[in-house]
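**Q** If you scroll down you'll find the structure; I have some questions about it.
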Amino acid sequence: MSIRHGLLALLDQGPRYGYQLRTEFEARTGATWPLNVGQVYTTLGRLERDGLVAPHGEDAEGHVYYAVTEQGRAELRNWFDTPVPRTNPPRDELAIKLAMAVTVPGVDVEAVVQGQRRHSMKALQDYTRLKGQALTAERDGRSDLAWLLVLEQLIFQTEAEIRWLDHCETRIAQYRPAPVSAPEPAPPPAPAPAASAAETPRARRRSRF
């Protein structure tokens, strides 16, 4: 998430001070990525250092306003025009967790997958409910396109995560070692064949006479 460029986008619409920037950023993203005021002012300090924003006076309460510079506008236009790179994807904690789980003895990987699926399904239900509320507000003339786009991205992302978890469960099952079956008991020895009449002791004695 680029807080730097998000703040530039807000300042491009007019000077603001730190708390205003925080409030508007969270309003436009539905507080999906909450900011604290310290984080906002740290970012503003870096933007000022880089010549992208400049102080723009104070109000009666001592709030320092910031305005975007021409260099900042050029940076913002470049951000909008440049695709988000996918060559270095951000770290995904869930992917890292499963990658570690399949290599650590004693971890019930299937339980990890199933627990995450339940959590993701609950999140998907919550996002879908919020989308319904946003669509209702839109019909009532209180449209918030920015929040609706963020919600739909979260819905698609969570749906993809659930499909991936289903795939993980199938893949893990393929690598599970086949159960070792107990050896079948050996068959009992066959009974000895009965002796014929010609081979009995009485028959042998009779054969002498």
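The values are calculated or read from the model by the stated rules, or taken from the named source; none is laboratory data. What you see is a predicted model; the values in this text were computed from it and never measured. All Cβ positions, even for glycine, are placed from backbone atoms using ideal geometry, and neighbour counts span all protein chains on display.
**Q** Does any residue of region 159-174 turn out to be over 30 Å from Gly30 (Cα atoms), at pLDDT below 75 and among the basic types (Lys, Arg)?
**A** Kept after step one, since they are over 30 Å from Gly30 (Cα atoms), are these residues of region 159-174: 167-174.
Going one step further and asking which of them are at pLDDT below 75, we end up with none.
No: region 159-174 contains no residue that is over 30 Å from Gly30 (Cα atoms), at pLDDT below 75 and among the basic types (Lys, Arg).
**Q** Condition first: part of a loop (DSSP other than H, G, I, E, B) and within 26 Å of the chain's Cα centre (by Cα). Now tell me which residues in region 3-30 satisfy that.
**A** From region 3-30, those part of a loop (DSSP other than H, G, I, E, B) are 12-15, 17, 29-30; that's our starting set.
If the condition is that a residue be part of a loop (DSSP other than H, G, I, E, B) and within 26 Å of the chain's Cα centre (by Cα), then Thr29, Gly30 are the ones that fit.
Residue-by-condition table, conditions (1) surrounded by 15 or more Cβ atoms within 10 Å (Cβ to Cβ); (2) over 18 Å from Val150 (Cα atoms):
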residue	(1), (2)
Arg28	yes, no
Tyr41	yes, yes
Leu44	yes, yes
Arg49	no, yes
Glu58	no, yes
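**Q** Please find, among Gly6, Gly18, Gly72, the residue that is within 30 Å of Ile162 (Cα to Cα), small (Gly, Ala, Ser) and touching a helix residue (DSSP H, G or I) at 6+ places or on another chain (Cβ under 7 Å). Give the derivation first.
**A** Values: Gly18 fails: within 30 Å of Ile162 (Cα to Cα); Gly72 fails: within 30 Å of Ile162 (Cα to Cα).
It is Gly6.
**Q** Under 7 Å by Cβ, and 6 or more places apart or on different chains, what pairs join a residue from region 19-47 that is of a type in the set (Asp, Glu) with one that is assigned to a helix (DSSP H, G or I) and surrounded by 13 or more Cβ atoms within 10 Å (Cβ to Cβ)?
**A** Listed pairs, sorted by first residue: Glu24/Leu10.
**Q** Looking only at region 94-136, how many residues end up being more than 21 Å from Leu154 (Cβ to Cβ), at pLDDT 95 or above and among the polar types (S, T, N, Q)?
**A** 1
**Q** Out of all the residues in region 31-57, which are among the small types (Gly, Ala, Ser), in a loop (DSSP other than H, G, I, E, B) and under 16 Å from Gln20 (Cα atoms)?
**A** We begin by selecting, within region 31-57, every residue among the small types (Gly, Ala, Ser); these are 31, 38, 45, 51, 54, 57.
Now restrict to residues that are in a loop (DSSP other than H, G, I, E, B): 31, 51.
Within region 31-57, just Ala31 meets the criteria.
**Q** Further, regarding this structure: If I ask for residues that are outside any helix (DSSP H, G or I) and either modelled with pLDDT of 90 or more or surrounded by 10 or more Cβ atoms within 10 Å (Cβ to Cβ) (or both), which ones from region 60-93 would you list?
**A** Step one: filter region 60-93 for residues outside any helix (DSSP H, G or I), giving 60-69, 82-92.
Once the filter is applied, which keeps residues that are outside any helix (DSSP H, G or I) and either modelled with pLDDT of 90 or more or surrounded by 10 or more Cβ atoms within 10 Å (Cβ to Cβ) (or both), region 60-93 yields Ala60, Glu61, Gly62, His63, Val64, Tyr65, Tyr66, Ala67, Val68, Thr69, Thr82, Asp92.
**Q** More than 24 Å from Phe25 (Cα to Cα), touching a helix residue (DSSP H, G or I) at 6+ places or on another chain (Cβ under 7 Å) and not in a helix (DSSP H, G or I), is that true of Val107?
**A** Working: more than 24 Å from Phe25 (Cα to Cα): yes; touching a helix residue (DSSP H, G or I) at 6+ places or on another chain (Cβ under 7 Å): yes; not in a helix (DSSP H, G or I): yes.
Yes; evaluated as a whole, the condition is true for this residue.
**Q** For region 23-31, does any single residue satisfy the condition of being over 30 Å from Ala173 (Cα atoms), modelled with pLDDT of 90 or more and among the hydrophobic types (A, V, I, L, M, F, W, C)? If you could, list the steps in order and put the result at the bottom.
**A** Here is the first cut: in region 23-31, the ones over 30 Å from Ala173 (Cα atoms) are 23-31.
Then drop every residue that is not modelled with pLDDT of 90 or more, which leaves 23-25.
Now narrow it down to the ones that are among the hydrophobic types (A, V, I, L, M, F, W, C): 25.
Yes, the conditions are met somewhere in region 23-31.
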